[in-house]
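Have a look at the structure below, then the notes.
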Amino acid sequence: MNSYKVTYLLNGEEHYDHITERTEKAAQKRLKGIYKDAEITDTELTSTLATATKEQERETLEKIKAMIAELGPQSYLAAAFDGCFEDAEQNIEDDAAYSMKARLEIQAQQAAERAYEIDRLKADLAAAQSKVDTLQSQFDFASQHIKKLERQQLPTWLHGSIYSLVAEEVGIAQKQMEQSAETMAHYADTPQDIAFVNAVKSYRAVKEHRGVCEQIIAGLEALTEE
């Protein structure tokens, strides 16, 4: 928009006002609308970077809306401007700069960040599952031998070694359960997310393995009491 210094005579006295308009003629017309009896003596362009008033913004928006409406509901332009007029009206009221493009860019960035986080969680879960599988194999091996050793007196060194090993496995399982619980809490609002689903599976599997270890420890303690 342009800013004009409009000088005029009113009741025999010289005055001037700064008017923001698109053209000199429009600036003069606006001044005459304010002061009907004014005699304009000079109009000077003072800036080409003036900010339009909110009223001018509203007037222009209404003209654009009317032009788009004339094209009909099947108009390509009508489809492209869907939702944009609301943003424009809100910008005028809030002195803001909302836009459909900016929102889409933010959503795209958030989606990319989330995809990266999901990929990282998948990798973590895969690594955790590998550890779980290893623990399961170790648990199965230990369980088989414990069953064979039931009701038999174990050497002190063997009893202590097995007890320490299984107790350590319980601690590892507990940490993995806590990690899975943190992941579930993080994605609690989106339980359909693959990261949440995998975290639940991992939590249940490790919890089951921890239960096996605790049974082994209980069995070892029972042997000690006999």
inquiry  = Within 10 Å, at most 15 other Cβ atoms, and a DSSP state outside H, G, I, E, B define an exposed site. Report the longest part of the chain free of exposed trypsin sites (Lys or Arg not before Pro).
reply    = 37-150
inquiry  = If you roll a 1.4 angstrom probe over the protein chains with everything in place, what fraction of the accessible area of the range 1-67 belongs to carbon and sulfur, to the nearest %?
reply    = 49
ask   = What is the extension gain from V200 to E105, computed as 0.36 nm multiplied by their sequence separation minus the C-alpha to C-alpha distance, in nm to one decimal?
value = 31.0 nm
request  = Let me know the shape class of the chain, please: from the alpha-carbon gyration tensor, a ≥ b ≥ c as square roots of the eigenvalues, rounded when a/c is under 1.5, otherwise prolate if a/b is greater than b/c, or oblate.
outcome  = prolate
message = At 1.4 Å probe size, with the rest of the protein present, what percent of the exposed accessible area of the range 75-226 is carbon and sulfur atoms?
response = 55
message = If I fit a long axis through the Cα atoms of helix 156-186 and take the longest principal axis of the Cα atoms of the chain, what angle between them do I get, 0 to 90°, rounded to 10?
response = 20
task = With everything on Cα atoms, drop me the angle between helix 24-34 and the longest principal axis of the chain, reported from 0 to 90° to the nearest 10.
result = 80
query = Which lysines, on any chain, are close to K29 with Cα under 17 Å apart, when same-chain ones fewer than 8 places away are left out?
reply = K5
message = Could you tell me the relative contact order of the range 88-226? Use alpha-carbon pairs under 8 Å, at least six residues apart, and round to a whole percent.
response = 28
message = If you average the alpha carbon positions of the range 67-82 and of the range 162-226, how far apart do those two centres end up, in angstrom?
response = 60
key: Theoretical gain in end-to-end length, Q74 to A97 [0.36 nm per residue, Cα-Cα removed]   = 5.5 nm
key: In nm, spacing of pseudo-spin labels at A123 and R58 (7 Å Cα→C-beta vector)   = 5.5
message = Can you pull out the GluC sites (Glu not before Pro) in the range 144-221 whose DSSP state is coil and whose Cβ has at most 12 other Cβ atoms within 10 Å?
response = E150
Heavy-atom SASA rank of T183, T53 (probe 1.4 Å, accessible area, largest first) = T53, T183
message = Using helices alone, I'd like the mean residue ellipticity at 222 nm for the chain: each DSSP H run of four-plus residues gives -39500 (n - 2.57), total over residue count, nearest 500.
response = -24500 deg cm²/dmol
request  = Would you mind working out the accessible area per residue for the chain, using a 1.4 Å probe, and quoting it in Å²?
outcome  = 69
inquiry  = If the reach is capped at under 20 angstrom between alpha carbons, list the lysines near K175, excluding any in the same chain fewer than eight residues apart.
reply    = K122, K131, K201, K207
ask   = Where does helix 100-149 land angle-wise versus the long Cα axis of the chain, in degrees 0 to 90, nearest 10?
value = 0
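The values are calculated or read from the model by the stated rules, or taken from the named source; none is laboratory data. As the structure is a prediction and not an experimental result, all values here were calculated from the model. Don't worry about glycine lacking a Cβ; one is built from the backbone with ideal geometry, like all the others, and counts go over all protein chains shown. Areas reflect the complete protein model, heavy atoms only, side chains present, ligands, DNA and RNA absent. Shrake-Rupley method; radii C 1.70, N 1.55, O 1.52, S 1.80 Å.
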